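This report refers to the structure that appears directly beneath it.
The values are calculated or read from the model by the stated rules, or taken from the named source; none is laboratory data. Quick caveat, the model's predicted, so the values are computed rather than measured. Using ideal geometry, Cβ is built from the backbone for each residue, glycine included, and neighbour counts are taken over all protein chains shown.
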Amino acid sequence: MGAVTDDEVIRKRLLIDGDGAGDDRRINLLVKSFIKWCNSGSQEEGYSQYQRMLSTLSQCEFSMGKTLLVYDMNLREMENYEKIYKEIECSIAGAHEKIAECKKQILQAKRIRKNRQEYDALAKVIQHHPDRHETLKELEALGKELEHLSHIKESVEDKLELRRKQFHVLLSTIHELQQTLENYSRS
């Protein structure tokens with residue numbers, strides 16, 4: 001075979017020993033001590049083996065107590081981690097709600113901004129036109145001017161009609177005068 005590496009030795013010990021506390025070894029040692037105690041010949045050797053068994057038993061009880069404490073601690077840690085996990089889930093859900101609310105606020109802000117821009121554009125267009133009071137004044141002035149021009153037109157039409165009539169009378173008079181002159185020249 002080849003050389004055994006340190007990793008392999010550690011792996012074998014962990015497989016044999018479990019969590020590395022040496023429980024199996026202690027139990028094996030306890031069984032061997034019990035067998036030695038049962039087979040011991042003298043009282044001193046028996047007492048010595050008895051003390052070793054008590055010591056090994058005490059170590060096993062200590063190791064078991066330590067393992068139970070670690071187990072209880074692990075259970076509490078699992079409960080604590082579960083609690084933390086639930087808190088984190090709640091925080092994530094809260095964050096998602098806040099994000100959704102912020103998105104709504106952003107959309108509303110964009111809508112308000114768009115409305116303000118449209119309002120500003122309309123306000124600029126409106127400012128280029130005169131206000132209502134000025135427009136009404138201008139309309140009133142134009143109405144008066146139109147009325148005045150209408151009177152002038154009527155006056156001009158009346159004069160034109162008068163001139164036509166005078167021209168017609170003049171032509172009639174000229175025509176009669178011609179007739180009279182013709183009649184006078186014939187005679």
Check on Lys98, modelled with pLDDT under 95 and among the basic types (Lys, Arg) = no
Lone qualifier among Asp120, Asp72 - being at pLDDT below 95 and within 30 Å of Arg25 (Cβ to Cβ) | Asp72
